């Protein structure tokens, strides 16, 4: 099949781009013809909260990446849509995570599928964003009304999508493992390279930092005196996407300057194995969530997790098998941390993670996308009842 993937990809950094690159590699390995169309301009500098949008790492091997798309230029949307229309892919696969992208992606989708051959399928990270802004619903509806089918990576997202648009072919397919960061590192070696004391155990908060991710809850939880008589430290590894002052003030308030270790910069791909290999428990104290790529890195490196019972996190991390699912409140996070070390849960939860991770393979994601595509070809679902387009699998 011929597939064009539209969304973040190399040279952009972060989980969205990594996902797109890895999915394109999987489709290519299965024998499909894949092109990736990514941005020439993703966010104007004024709207981007981080220090850089780009990675300095090498491009992923074996995939065709084209920088075509300008997120704020309507003339570019039209030209990109016409280009895809002429190329006539069987599937235009779009990654949607933010209403800001609705006009851009929705316009391209409408133009591309006017060739009456291309089916537009979206992988949704979020339908309702974590941080709400005026106009979100209008922009999201404009986009969702342009697609033919969808992949939801959590039940929460599927339910949200059903509110925005009913009678759309949707398949629930969890976020696959991030298995592209290399092999785990020996713990002693990882600690040495990170300049960490091997006599301590380590908790890990990983990924860029915004209010909804609940780092403040974790700092409060970690300040509990019952954790102070243990050789235990908290690693915070990720770039602040907002003012870091409230977090640093909270650390100072609780006299945790020597107990919390900040690696407050974007973590490069080759550094990822070090942080996960050095850590005993990965903590995601989110206040809101759909799903998270961090859980899938933790699964890959076979690390127990502590997550909050918000959004799709509780769907991915079975409570008591792979770790803990608790209320997003400091006291519940504290109790779980204490239980983990007092009752030596490491071996038990690691075994649970090893078994559970088998569910999250990339071929399951590609199979889900192709299943949705086949459903799009149904005469009752196809635009105008036209039936299967030329070259379809149906």
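Any read-out appearing in this document is the output of simple, stated calculations on the displayed coordinates, not a laboratory observation. In this text, all values refer to a predicted model and were calculated from it rather than measured experimentally. Ideal geometry is used to build each Cβ from the backbone, glycine not excepted, and the neighbour counts take in all protein chains shown.
Can you tell me how much longer the chain between residue 199 and residue 264 gets when fully stretched, taken as 0.36 nm per residue apart minus their C-alpha distance, in nm with one decimal? Stretched out fully, the residue 199 to residue 264 stretch lengthens by 21.1 nm.
Can you classify region 187-358 as rounded, prolate or oblate using the Cα gyration tensor, where a ≥ b ≥ c are the square roots of its eigenvalues, rounded means a/c under 1.5, and otherwise it's prolate if a/b beats b/c and oblate if not? Rounded shape, in that the Cα axes give a/c under 1.5.
Seen against the Cα atoms of the chain and their longest principal axis, helix 346-356 is set at about 10 degrees. Using only the alpha-carbon atoms, how far is helix 102-112 inclined from the longest principal axis of the chain? Give it as 0 to 90 degrees, nearest 10. Relative to the chain, helix 102-112 is tipped by roughly 30 degrees. The calculated FRET efficiency for the pair residue 64 and residue 131, based on their C-beta separation and a Förster distance of 30 Å, comes to about 0.35.
Taking the helices alone, the chain has a mean residue ellipticity at 222 nm of -10500 deg cm²/dmol, built from -39,500 (n - 2.57) per DSSP H run of at least 4 residues and averaged over all its residues.
Spacing of the modelled spin labels on residue 115 and residue 155, each 7 Å from Cα toward Cβ, amounts to 3.9 nm.
With the simple model of a label 7 Å out from the Cα in the direction of the Cβ, residue 73 to residue 255 spans 5.8 nm. With semi-axes defined as the square roots of five times the eigenvalues of the C-alpha gyration tensor, the equivalent ellipsoid of region 166-281 measures 27, 21, 14 Å, largest first. Highest mean packing comes first when the peptides 8-15, 267-274 are listed by Cβ atoms within 10 Å, giving 8-15, 267-274.
The residue 363 and residue 271 beta-carbon pair, evaluated with R₀ = 25 Å, returns a calculated FRET efficiency of approximately 0.35.
If you model region 54-200 as an ellipsoid using its alpha carbon gyration tensor, with each semi-axis the square root of five times an eigenvalue, the axes come out at 35, 21, 16 Å, biggest first. Here the gap between residue 226 and residue 329, fully extended at 0.36 nm per residue and compared with their Cα-Cα distance, gives a gain of 35.4 nm.
Modelled spin-label separation between residue 187 and residue 243, with each label point placed 7 Å from Cα along the Cα-to-Cβ direction: 4.0 nm. Whole Å is fine, so just give me how far the alpha carbon centre of region 149-209 lies from that of region 88-106. Region 149-209 and region 88-106 have Cα centres separated by 22 Å. Computed from Cα atoms, the angle from the helix 330-342 axis to the main principal axis of the chain rounds to 70 degrees.
Normalised Debye scattering of region 261-312 at q = 0.15, 0.22, 0.24 Å⁻¹ gives log10 I(q)/I(0) of -0.44, -0.92, -1.05, counting only Cα atoms as equal scatterers and leaving out solvent.
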